[in-house]
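> My questions all concern the structure below.
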Amino acid sequence: MKLMETWVKTPRLKENHLLIASECLKYINPKLWKDLKKGKTVLTYCPENETVTSYGKIASMIRSSSPKSITVVTIDGSPHCFLLHAAINEAEYILGEKINREHYVLVDGKDLVKIDPNVVRLARYLSILNKFANSNKEVLEELERHSLEYQRAKKLNSKVHQLKKEEDLNASS
């Protein structure tokens, strides 16, 4: 079932264990997808293709159907998928009650990594992450191992730096 197309009081949600996952997960790692679904009511979501109003929908679902637990699984590094993790945290905030939930990301299509809900909260605060990255340069090295976008940005910056150097040399001669 698709998250945004599911009635918040549908009997399939009532007091069940929910898996809310990235729509593309089933294609990226079918074996993991099959394992994750066992014993859970599955809802898929893609903020890139669907409305981004998942915050209210998830809060209404929790209030109306009282799921036993929610497991969120998305693709690591996807700016769209991050929204799903933030939406679960926001639902807890909106409802003012503790939600039995777990957050996971799929790294490089194969490794499932559990994420602390506080790390999801931290990811919303770029100024704090900026301080962390500036004092922990090794995280950028790890980012380079996973992010094609970061690899490309480094190449572009290097190319711009080289062109600037050549312009400076030409201007001084």
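None of the figures in this text is laboratory data; all of them are computed from the coordinates on show. The model shown is predicted, which means the values in this text are computed figures rather than measured ones. For neighbour counting, all protein chains shown are included, and Cβ atoms are generated from backbone atoms with ideal geometry for every residue, glycine included.
> Suppose we filter 84, 140 for residues that are without any contact (Cβ under 8 Å) to a residue 40 or more places away in the chain and in a helix (DSSP H, G or I); which single one remains?
From the options 84, 140, the qualifying one is 140.
> I'd like the full set of residues that are in a helix (DSSP H, G or I) and either within 19 Å of the chain's Cα centre (by Cα) or not basic (Lys, Arg) (or both), limited to the stretch 143-156.
Passing the criteria: 143, 144, 145, 146, 148, 149, 150, 151, 153, 156.
> Please go through the stretch 31-78 and pick out each residue that is part of a loop (DSSP other than H, G, I, E, B) and among the acidic types (Asp, Glu).
Within the stretch 31-78, 48, 50, 76 qualify.
> Out of the residues in the stretch 88-135 meeting the condition of being in a strand (DSSP E or B) and aliphatic (A, V, I, L, M), tell me which one is farthest from residue 25 (Cα to Cα).
115
> Still on this structure: Suppose we filter the stretch 116-142 for residues that are basic (Lys, Arg), within 29 Å of residue 90 (Cα to Cα) and over 19 Å from the mean Cα position of the chain (by Cα); how many remain?
Result for the stretch 116-142: 1.
> In addition: Of everything in the stretch 37-59, what is buried (at least 16 other Cβ atoms within 10 Å of the Cβ) and small (Gly, Ala, Ser)? Give them in sequence order.
54, 59 - these are the residues of the stretch 37-59 that are buried (at least 16 other Cβ atoms within 10 Å of the Cβ) and small (Gly, Ala, Ser).
> Restricting attention to the stretch 28-48, which residues are within 17 Å of residue 84 (Cβ to Cβ) and either in contact with a His (Cβ under 9 Å, 6 or more places away or on another chain) or touching a residue at least 40 places away in the same chain (Cβ under 8 Å) (or both)?
28, 29, 32, 40, 41, 42, 43, 44, 45, 46, 47, 48 - these are the residues of the stretch 28-48 that are within 17 Å of residue 84 (Cβ to Cβ) and either in contact with a His (Cβ under 9 Å, 6 or more places away or on another chain) or touching a residue at least 40 places away in the same chain (Cβ under 8 Å) (or both).
> Sticking with this structure for a sec: Hey, residue 9 hits all of (1) outside any helix (DSSP H, G or I); (2) without any contact (Cβ under 8 Å) to a residue 24 or more places away in the chain but one; which does it fall short on?
Looking at each condition in turn, residue 9 falls short on (2).
> Then there's this: Restricting attention to the stretch 100-125, which residues are among the aliphatic types (A, V, I, L, M) and in contact (Cβ under 8 Å) with a residue 40 or more places away in the chain?
106, 112, 123
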